[in-house]
Structure formats: C-alpha cells, structure tokens
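Novice: Sharing a structure, written as structure tokens. Questions coming.
The values are calculated or read from the model by the stated rules, or taken from the named source; none is laboratory data. Since the model is a prediction, treat every value here as computed from it, not as a measurement. Neighbour counts are summed over all protein chains in view; Cβ atoms, including those assigned to glycine, are modelled from backbone coordinates with ideal geometry. For the accessible areas, the whole protein counts, side chains as well, though only heavy atoms, and no ligand, DNA or RNA atoms are used. Shrake-Rupley method; radii C 1.70, N 1.55, O 1.52, S 1.80 Å.
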Amino acid sequence: MAKEVLPKGWLSANLSDFASKSRRSVDVRKCPKQRYELYSVPSYSDREPELVLGESIGSSKQLVQPHDVLLCRINPRINRVWTVGEYRGINQIASTEWIIFPAHPLLNPQYLRYFLARDTVRNYLALNASGVGGSLMRVKPSTLNGYPLLIPPLNEQRRIVEKIEALFAELDAGEASLRKVQALLTQYRQSVLEAAVTGELTADWRAKHKGKLESGRALLERILKTRRENWHGRGKYKEPAPPDTTDLPNLPEGWVWASGAQLFTWSSGSFLPKKKHADGDIPIYGGNGINGYHNEALTSHETLVVGRVGAQCGNIHITQGPAWITDNAIYATTMPEGCVLPFLGIVFICARLGEKSKGGAQPFVNQEALNSVPVPLPPTQEQRVLIERIEAITNTSMETLKCCETELTRSSALRQSILKEAFAGRLVAQDPSDEPASVLLERIRGEAGRESKKKKGAR
C-alpha cells in the first residue's frame, strides 16, 4: 500500500487491529423457537436484517452487537459493508461470511463503514481473496493485516459522516427518480408490445387496407398445407391441434388464432462432447451457460430460441444470423413462410412462458407449453408494419433508458469521489480544537491499562 499523507490530527493504524480476532459462535439449534435478528449477506440488499426462528437456520452463525461493522468476505459481494442496528429485544446474529469490526471508542461506526465501502478497499480485498475461484473466493481476516486505516479526530469523523450522508441523500433522491423513469419506460414498452399482439397498434393502418390483404386465416391454411406436403416423419401425418379459444379475446378482422403446434416444429438439443462442425466453428447458444452441441445444425437464417431450463427458462431470443448449434437448455424453431420472426418473438414474450414453467430449483418449460401457446396471427404485411411501429416507438425509450443507466453510473462514480475526498481530509473543514486521534488513542490505552491493573489487584 502507498503511504498516505495524513491531515493534521489524523492517525494511521492497522485495519486488522480493529477486526474481531475470534468468532463468537452461536448454536441456534438449541433454541429452535427463539427469534433472531439475522444479518445475512442476501438480506443486505433490503437494508433490513431477517427476523427468523432458530429452527429455520440451517448453518452456524456468529453473535453480533449494536454498532458492530460487518464486512462481507465472500466474492463477488466483498464491497458490502453493514452496521448492526440498535438492540430491539431480539438476539442479533450474523452469517459467518462477515468479518466483524466490534464497536471501538476510537472510531465512529459509520465512519468505518464508509471507509470500508470505498472501491480501493474492495479492489484490494478482491485481489487478495483466496479459494478455487468464482463465488468460492473469500477474504481471510489475515488479509487485512497491514492495510492502513486512516483515523481523524473523533469530532471530525462525525462531521465527515454527516457530510457524506447529506451528499448521499441528494444522490439517493436523484437515483430514485432515475429508477422510477426506468420502471415507467419498461411498463410503457410492455404496453406497446401488448398493443401490438392485440392489433390495437395498427388499427388505423388496418382500416385503410381493409379487403386488400391475405387474411391471417389464409396464411395459416397455407402454412399447414406446406407442412403436410413436406412431412417426412415416421408414420401417418397428424394434423397439429388448434388453440383452445374458449377464453381468448376476439381478434381484429383479418386475424386468426393459431397454436404453437400449428406454426412450429421445436428442436431440443442433446448434450454432446464439443467437436468441430464440418463447415468449421458454429456459433453456440448456451441457454444456461453450458456450451453443448445439437446433433443437427439449424440452417435457417430466422430462428426463434426459447429458454428451456435453468436461469434462462422462458427467455426469448431471435437470430437472423448463420446456422446455429443449440444445447439442451433451449428449444429452437425456424419461421414458416409468411411469418415475421420479430413479431412472433414478441408473441412469445407476451406469453410469459417463464411464469408457466414447472419444477423447483431447476424450472423448465416443456414442448407441450410451447405447442399450446395461442398465437394471434395477422396478415404478413401487417406483421411487418407492427414491427416498424414498435421499433419507431421503442427506439426513443431505449435511448432514454441508456441515458438513465449512464446517469446511474455517474452517480455511483460520484459517490466514490465523495469518499475519496472524505478520507483525504478534504470534505469538511478541520477544527484546531479537535482532540488529535493520537491523543485519544493514548488516553484509551491508558484507561485500558488502569482497568487491567485494577482487575489484577482484585484477584
């Protein structure tokens, strides 16, 4: 670490000296009906500890106390820092993935929290984490040894915290507004898609072209005829089932309800060893992060891809590129003639397949669900007009969303700039009357020495 030039009255100490040297473990299994206030790593995002019964806790925990500062030691959440709240009559415990900094008379807990929340601290810890990789990388308490903790006078720490919190409150308000805009734009984009698949978006265009287009029903009949003529499967051709229209809304004139089974033949990959395709490397779509190979490449330039299992379950992807080799995490199908790929992709997005998935920890979408998806099928030309209008409407919203992301990134960077100024002694004015940190430290040590002598004398 580069040696810091300290402002007047500041002290540089070893960060590890302030970390707890031993874990105060608690066996919650002995008190299954007792409530605990649990500071877990996942609950950090909500900024509220979990209130849980001992019987619902399945791993060992450690005791914490009000004003303890918790530093997450597991990758990739090393930058999470939390201060234990006031005691509310419930035992406070924390995950063993936190390094605990007990309350100390030399340190304002919030000052320490902000000090540890800097990117410079996080980057140092991340670079020095150990383990086999990924989420198994952890920071050992010994990693803190030698890292300088910059300690101003106690009164100055309080002023620094007040200034940081005032500035961060302004940033919080701005970020909240940006996220509200993002949420509204996301809702707006979804409403545009819904208007597209119900025909509302092209009602005016349809009125002008009434009687001039091939109907959706004629298009569907042509698709089914082509499927019958091209049938090369085993056994007698079986006509795909139409959708159940009992509870479906009425469609605009010229549209027709079709089913996924009537329009598509779904291909599901089988996991095979990695190998080269005869024509060279083929792009791979890894729906759940596993690169697999399908035994037959999809040769169409218009392919609809649906997440089949895992985290990508129900996600929709479309490609108009070269041939694809798929894995066992997805289904894929090519577009029948007369169908516009982006429009049918939107139909499947609006079908919300992820919400209809089955399974627990590893949800999945089956072919039955894909085949039973009701597809509102407009004339081909109207499908193209719908896509043109959607793109025109959403392009502006996409630009606004990008601007929001840019501003949120700037806000995050500004927070780090504020912290950098704070811990360089430039954020608040110094007060000559403040007791220097070194003097306070000597007084604390003196008091600790006197207490120790009293205890020895009392034996």
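Novice: If a residue must be of a type in the set (Val, Ile, Thr) and either open to solvent by 20 Å² or more (accessible area, probe 1.4 Å) or part of a loop (DSSP other than H, G, I, E, B) (or both), how many such residues does the stretch 28-82 contain?
Specialist: Qualifying residue count for the region: 6.
Novice: Then there is this: Failed condition for Asp119, given (1) among the charged types (D, E, K, R); (2) over 16 Å from Lys420 (Cβ atoms); (3) open to solvent by 40 Å² or more (accessible area, probe 1.4 Å), with all others met?
Specialist: (2)
Novice: Identify all residues within the stretch 372-391 that are β-branched (Val, Ile, Thr) and either part of a helix (DSSP H, G or I) or on the phi > 0 side of the Ramachandran plot (or both); write none if there are none.
Specialist: Residues satisfying the conditions are Thr380, Val385, Ile387, Ile390.
Novice: To continue, here is another question. Identify the single condition in (1) open to solvent by 40 Å² or more (accessible area, probe 1.4 Å); (2) out of contact with any Gly (no Cβ under 8 Å at 6 or more places or on another chain); (3) without any contact (Cβ under 8 Å) to a residue 24 or more places away in the chain that Ser12 does not satisfy, given that it satisfies every other one.
Specialist: Exception for Ser12: condition (3).
Novice: Another question, then. Condition first: within 25 Å of Ala424 (Cβ to Cβ), open to solvent by 20 Å² or more (accessible area, probe 1.4 Å) and outside any helix (DSSP H, G or I). Now tell me which residues in the stretch 122-157 satisfy that.
Specialist: The answer is Asn128, Asn145, Gly146, Pro148.
Novice: Taking Ala207 and the conditions (1) surrounded by 11 or more Cβ atoms within 10 Å (Cβ to Cβ); (2) among the small types (Gly, Ala, Ser); (3) closer than 22 Å to Val385 by Cα, which numbered condition does it fall short on, given that it satisfies the others?
Specialist: Condition not satisfied by Ala207: (1).
Novice: Out of the residues in the stretch 362-413 that are of a type in the set (A, V, I, L, M, F, W, C), more than 16 Å from Lys180 (Cα to Cα) and without any contact (Cβ under 8 Å) to a residue 24 or more places away in the chain, which is least open to solvent (accessible area, probe 1.4 Å)? Outline the logic, then answer.
Specialist: Initially, the stretch 362-413 is screened for residues of a type in the set (A, V, I, L, M, F, W, C), giving 364-365, 369-370, 373, 375, 377, 385-387, 390, 392-393, 398, 401, 403-404, 408, 413.
Next, from what is left, pick out any that are more than 16 Å from Lys180 (Cα to Cα): 364-365, 369-370, 373, 375, 377, 385-387, 390, 392-393, 413.
Subsequent filtering for residues that are without any contact (Cβ under 8 Å) to a residue 24 or more places away in the chain retains 369, 392, 413.
Numbers: Ala369: 26, Ala392: 69, Ala413: 56 Å².
Within the stretch 362-413, the match that is least open to solvent (accessible area, probe 1.4 Å) is Ala369.
Novice: Report yes if some residue within the stretch 93-106 is touching a residue at least 60 places away in the same chain (Cβ under 8 Å) and among the hydroxyl-bearing types (Ser, Thr, Tyr); otherwise report no.
Specialist: For the stretch 93-106, residues touching a residue at least 60 places away in the same chain (Cβ under 8 Å) and among the hydroxyl-bearing types (Ser, Thr, Tyr): present.
Novice: I would also like to ask the following. Quick one: which residue in Ser45, Ser56, Ser130 is in contact with a strand residue (DSSP E or B) (Cβ under 8 Å, 6 or more places away or on another chain) and small (Gly, Ala, Ser)?
Specialist: Only one candidate qualifies: Ser130.
Novice: Something else about it: Please go through the stretch 98-114 and pick out each residue that is open to solvent by less than 30 Å² (accessible area, probe 1.4 Å) and either part of a helix (DSSP H, G or I) or within 17 Å of Glu37 (Cα to Cα) (or both).
Specialist: Trp98, Ile100, Tyr111, Leu112, Tyr114
Novice: While we're here: For a quick check of your reading of the model, give me the residue pairs whose first member lies in the stretch 414-436 and is touching a residue at least 40 places away in the same chain (Cβ under 8 Å) and open to solvent by 50 Å² or more (accessible area, probe 1.4 Å), whose second is part of a loop (DSSP other than H, G, I, E, B) and of a type in the set (Gly, Ala, Ser), with beta-carbon atoms closer than 6 Å and at least 6 apart or on different chains.
Specialist: Between residues of the stretch 414-436 that are touching a residue at least 40 places away in the same chain (Cβ under 8 Å) and open to solvent by 50 Å² or more (accessible area, probe 1.4 Å) and residues that are part of a loop (DSSP other than H, G, I, E, B) and of a type in the set (Gly, Ala, Ser), there is no close pair.
Novice: Another question, then. Please give the number of the condition Tyr87 fails out of (1) open to solvent by 40 Å² or more (accessible area, probe 1.4 Å); (2) closer than 30 Å to Ser433 by Cβ.
Specialist: That leaves (2) as the condition not met.
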